[in-house]
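The values are calculated or read from the model by the stated rules, or taken from the named source; none is laboratory data. Owing to the predicted nature of the structure, the values given are computational and were not obtained by experimental measurement. Note that we place each Cβ from the backbone using ideal geometry, even for glycine, and neighbour counts take in every protein chain shown. The accessibility values were calculated without ligands, DNA or RNA, using every heavy atom of the protein model including side chains. Shrake-Rupley method; radii C 1.70, N 1.55, O 1.52, S 1.80 Å.
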Amino acid sequence: MDNLISQALNKVHMGIMIVDRQLKVVVWNGWLERLTGKNKEDVVGLNLLEVCPRFKSNVYLNILQNALYHGQSRFCSSALHKAFILPKEGEDEHLLRQNMNVDPLYLEDRSYALIQISDMTNVNTRVYKLKNLIKELETEYAKIKISEKISKHLSLHDPLTGLPNRLAYNDRLAWAISNAQRNHGKLAIMFVDADGFKQVNDTYGHDVGDQVLLEMAKRLSETVPSTDTVARLGGDEFIILSHLKDDRDAEVIAKRVEAAFSTHFKIAGNYINLSISIGISLFPKHGQEPSELLRQADGAMYKIKKNGKNGYGIYEPEHV
Amino acid sequence: MLNDLQKDLLTELVNVYVGQAANMLSEIVEKRIVLNIPEVELISISDVDPGDRRYNIFFSEGHLFRSSLQFGYEFQGKAFLMFPVEQAKVLANICLGELSESVIPDDPDLMDTDLDVLKEVSNVLLNAIIGEFGNFLEIKLEYVLPDIELIYVTNSDQQILLQNEVYVLVLHTSFLLADTDVTGIIVIALSMNSISSLLAKMDALLEADHG
């Protein structure tokens, strides 16, 4: 039976070593022989610290003492300690990872420490690869999130001026109307169109035309409160969504916007005068539907254009 | 269950014990770890008010890391160290010198190596506490390596988490490391005999002090 146990001890896939209270090695199994190249006959009877120098550190001496004198079992992880028993010379020890269990053993009135070493190198390599994969996936995920954000911004903003585009405006208008319906709010929809913008393009070229549109966007944005929305519908058409306390406020805002265009634009050494025509519709006075309100503001603007441009007008039913 | 004097004495004792464990852990992970147990209580789980936030871990649903260590004979019981799993992940990451920013609370990705680290941390801590209780009571204890498990706790599970154990010592535990405060709880379930011997020993000590 003892012979069978001894054979089994040498066959198990882990290092098994027993030391006594003087740290003298009593058992040294086959796994340890194969790893270290040190035979049982050469090791048994030697002091553990001579055979395995890592145990000279206070941490391990304490662990052994606690097992031998206080009966404490201890587990040491490869993640924190790397390895305890080093391989024979010439073999790479840096990748080696081992877990260690230390348990007390008793025989008659003597106590021993059982030291079990398990090879965790493959597990650690797998975890390392998995962690790297997770990191890569996280980086990719972050990149996708950023590009999603960019494409969402692009789909809702005008690339030239950076203002919300028609799609975004429709969304905001619908949201503002439903909000105003709940809170009895008032809104003004102002259709703004530059007078004679085609001539600017024809006279100075498209680059200057683009600069004019940028300046228009800037002046409009600076004129209305930050809670209001200025959007570019396309070409030289802009639209303002204003929150009002009273319908009469719409005219105050329109006058302010008009005034913002009273000074000329200086672009690429050219002085350009540009007036604007503004058509206004009011919620809830003129309707409840976003498309209806937009059409009414457009109609009011068209009437201003027809009557000599450069001014503002509030929708009246006969406009459409 | 404990009067103020007993509570103070026990709090002081366990803080000395975990101080030693903290030193050992600091040496292993090569970082300064401070362990704090601001409060110790002896309670019966059935008497705990579920609304008391200090006992959230017993009553809230979610993933839990639990390490348990059985000890006996004269002073018998079972000690548990419990963390919500995201806190356990932060602790493992810091011990391994890794950043912990990307912990996703609903998706705890504790790996084999993380569990090994937590097993070792709980082993050091529970050994220190149980070992020193043994010294305090002047008795020889036998105990084995802790078992660790990741469990998903539902409300109904909470009722059976500590079944069969009537009274428990609760040590509210806080790991202070690398600007992070990881809080868990150590629960020591004791037999009635063990509680009596602990209380008797504490009373004798307090009496000697005041006598």
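How big is the stretch A:1-152 in terms of Cα radius of gyration and Dmax, in angstroms?
20.9, 77
Only counting protein heavy atoms at a 1.4 Å probe, give the residues of the stretch A:35-80, ordered by number, whose accessible area falls by 50 Å² or more when the other protein chains are present relative to the chain alone.
A:Val59, A:Gln72, A:Ser73, A:Arg74, A:Phe75, A:Ala79, A:Leu80
Rounded to the nearest 20 debye, what is the charge dipole size of the protein assembly as shown about its Cα centre when +1 sits on each Lys and Arg Cβ and -1 on each Asp and Glu Cβ?
1700 debye
Of A:Asn124, A:Pro87, A:Ser147, which is farthest on the positive side of the dipole of the stretch A:68-188, counting Cα position, with +1 on Lys and Arg Cβ, -1 on Asp and Glu Cβ, and the Cα centre as origin?
Positive-end residue among those listed: A:Ser147.
Given labels modelled 7 Å from the Cα in the Cβ direction, how far is it in nm from B:Arg32 to B:Asn193?
4.5 nm
Set the Förster radius R0 to 30 Å, insert the Cβ-Cβ distance between B:Asn135 and B:Met1 as r into 1/(1 + (r/R0)^6), and round the FRET efficiency to 0.05. Before the final figure, lay out each step's value.
Details: r = 23 Å, r/R0 = 0.76.
FRET efficiency, B:Asn135 to B:Met1: 0.85.
Please list A:Arg126, B:Arg32 in order of solvent-accessible area, largest first, computed with a 1.4 Å probe with all protein chains present.
B:Arg32, A:Arg126
Based on the mean of other Cβ atoms within 10 Å per residue, sort peptides A:153-160, A:215-222, A:36-43 so the most packed one is first.
Numbers: A:153-160: 13.1, A:215-222: 17.9, A:36-43: 14.8.
Going by the mean number of other Cβ atoms within 10 Å, highest first, we get A:215-222, A:36-43, A:153-160.
Just reorder B:Val34, B:Val90, B:Val18 by solvent-accessible area, largest first, 1.4 Å probe, all chains present. Show your work: numbers first, answer last.
Numbers: B:Val34 50, B:Val90 25, B:Val18 0 Å².
Heavy-atom accessible area, descending, gives B:Val34, B:Val90, B:Val18.
What are the extents of the Cα atoms of the stretch A:78-218 along their three principal axes, listed from largest to smallest and rounded to whole Å?
Ordered largest first, the stretch A:78-218 gives principal extents of 106, 47, 19 Å.
Once label points are set 7 Å from the Cα along Cα→Cβ at both B:Asp147 and A:Glu138, what is their separation, rounded to one decimal in nm?
Each label point lies 7 Å from its Cα, and together they span 3.3 nm.
Under a point spin-label approximation (7 Å from Cα along Cα-to-Cβ), what is the A:Lys266-A:Ile5 distance to one decimal in nm?
Between A:Lys266 and A:Ile5, the simple spin-label model gives 10.2 nm.
Ignoring any ligand, DNA or RNA, what whole percent of the accessible area of chain A comes from carbon and sulfur when the probe is 1.4 angstrom? Please report the intermediate quantities before stating the final value.
Details: 9310 of 17660 Å².
Carbon and sulfur atoms account for 53 percent of the accessible area of chain A.
Efficiency by 1/(1 + (r/R0)^6): what FRET value for A:Asn273 and A:Lys149, r their Cβ-Cβ distance, R0 = 30 Å, to the nearest 0.05?
Computed FRET efficiency for A:Asn273 and A:Lys149 comes out at 0.15.
If packing is taken as the average count of other Cβ atoms within 10 Å, what order do A:139-151, A:296-308 fall into, highest mean first?
Taking the mean over residues of other Cβ atoms within 10 Å, the ranking is A:296-308, A:139-151.
So what's Rg/Rh here for the stretch A:207-281, counting alpha carbon atoms and using the Kirkwood radius for Rh?
That ratio is 0.98, to two decimals.
Under the rule of -39500 (n - 2.57) per DSSP H run of 4 or more residues, summed and divided by the residues of chain A, what mean residue ellipticity at 222 nm is obtained, to the nearest 500 deg cm²/dmol?
My calculation for chain A gives -15000 deg cm²/dmol from helical runs alone.
Which three extents, in whole angstrom, do the alpha-carbon atoms of the protein assembly as shown cover along their principal axes, largest first?
116, 65, 39
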